[in-house]
1. Only strands (runs of 3 or more DSSP E) wholly contained in segment 53-172 count here; list those with 2 or more residues that are under 30 Å from HIS33 (Cα atoms).
2. With respect to ILE243, determine if the residue is under 27 Å from the mean Cα position of the chain (by Cα), crowded, with 18+ Cβ neighbours inside 10 Å and modelled with pLDDT of 90 or more.
3. Output the residues belonging to segment 140-154 that are touching a helix residue (DSSP H, G or I) at 6+ places or on another chain (Cβ under 7 Å) and over 20 Å from THR113 (Cβ atoms).
4. GLY227 versus (1) closer than 30 Å to ASP163 by Cα; (2) part of a helix (DSSP H, G or I); (3) over 28 Å from the mean Cα position of the chain (by Cα): which is the lone unmet condition?
5. In segment 16-39, is there at least one residue being under 19 Å from ASP89 (Cβ atoms), of a type in the set (Lys, Arg), out of contact with any Pro (no Cβ under 9 Å at 6 or more places or on another chain) and touching a residue at least 24 places away in the same chain (Cβ under 8 Å)?
6. Of everything in segment 8-37 that's of a type outside the set (Lys, Arg) and modelled with pLDDT under 90, which residue is nearest to the chain's Cα centre (by Cα)?
7. Any residue in segment 92-105 that is out of contact with any Lys or Arg (no Cβ under 6 Å at 6 or more places or on another chain) and under 30 Å from SER164 (Cβ atoms)?
8. How about segment 265-308: which of its residues are part of a strand (DSSP E or B) and modelled with pLDDT under 90?
Amino acid sequence: MTDPRSDRFVRSHLKTRQLVLLVELGRHGSILHAAQAANLTQPAASKLLADLEHALGVKLFERLPRGVAPTWYGEVMIRRAGAALAELDAGHQEVMELLSGLSGRVAVGSVLTPSATLLPAAVVALKARQPRVHVAITVDTSKLMIQLLQNGELDLVIGRVLDSESAAQLSFEPLIDEPHSLIVRAGHPLAGRSDLSLQELSRQNWILPPGGSILRDRLTALFLSAGLDQPQQAVETLSLPVITSMLMQSDMVVALPEELVKTYLDAGLLTLLRLDLGLRMDAYGIVTRRGHQLPPGAELMLTCLREEAQKRAG
């Protein structure tokens with residue numbers, strides 16, 4: 001049941017310009033620069049902020065010698081303001097698409113493995129049912145995409161919820177875990193050896209996921225717990241075409257699920273190293289915002305993802 005006090009606050013005190021100002025203050029940390037970005041004068045921006053703080057009865061920003069910094073209350077309002085504006089933008093986009101004859105839009109984010117396996121199959125299934133639905137796909141780390149989801153920039157994510165603070169605001173449907181193998185080119189100097197050690201691997205050239213990803217953290221912990229330095233010669237990327245191309249042209253090493261490069265393994269272009277590091281990622285799944293009504297295109301995508309996941313489980 002809606003709190004009537006919250007309803008009165010939104011109807012009587014909250015203005016769209018205040019939402020825009022909150023988001024820009026979060027980005028710039030300066031009333032002057034936020035005012036410029038929001039097409040306001042600095043006095044007008046200061047008054048909008050003061051009115052909002054008065055209505056809430058809390059201080060949203062600490063005034064510093066150079067700029068402002070959000071308080072804990074400010075962080076909450078910045079995040080909620082961003083989500084509200086994203087919803088309004090999405091509403092406008094849906095109306096424009098309906099006017100132009102399209103049938104909606106879905107923005108989906110995915111970690112690497114399902115982006116190359118599960119997600120393409122779900123998109124094909126969706127297009128077979130509703131060819132006019134526009135699908136936008138983002139491939140990145142779970143941490144970044146959960147932020148985009150909470151900000152309303154993505155409708156759903158195939159990934160992991162790593163932050164316990166965010167978990168209460170999200171719904172998570174687990175799909176599958178990800179065992180990782182060490183993969184190199186055919187003919188690699190380490191290929192076929194059964195006496196490989198972690199120490200020897202630490203001296204190799206690696207292809208690594210960006211910092212902040214769960215795989216990167218676990219690889220780092222693996223080397224550090226053995227008293228070894230992290231690989232110093234490394235390239236960071238999540239692009240599968242870049243990864244496979246570099247593997248075949250060099251002696252680099254990567255940790256990936258086998259299914260991502262099955263075609264290359266079957267063709268004899270890549271091979272697995274004979275060392276099991278026990279790298280298993282937590283189950284990834286479908287993440288949505290709790291209590292949020294998905295638009296029709298996103299609902300259909302959710303249905304197709306569930307169906308394709310069920311086929312693979314069976």
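The values are calculated or read from the model by the stated rules, or taken from the named source; none is laboratory data. Note that the coordinates shown come from a computational prediction; the quantities given were computed from them, not determined experimentally. Here the Cβ positions follow ideal geometry from the backbone for every residue, glycine too, while neighbour counts run over all protein chains shown.
1. In segment 53-172, the matching strands (runs of 3 or more DSSP E) lie at 61-64, 67-70.
2. When the stated conditions are applied, ILE243 passes them.
3. Scanning segment 140-154 gives GLN150, ASN151, GLY152, GLU153.
4. Evaluating GLY227 over (1) closer than 30 Å to ASP163 by Cα; (2) part of a helix (DSSP H, G or I); (3) over 28 Å from the mean Cα position of the chain (by Cα) leaves (2) as the failure.
5. Among the residues of segment 16-39, at least one is under 19 Å from ASP89 (Cβ atoms), of a type in the set (Lys, Arg), out of contact with any Pro (no Cβ under 9 Å at 6 or more places or on another chain) and touching a residue at least 24 places away in the same chain (Cβ under 8 Å), which makes the answer yes.
6. THR16
7. no
8. Residues satisfying the conditions are ARG280, MET281, ASP282, ALA283, TYR284.
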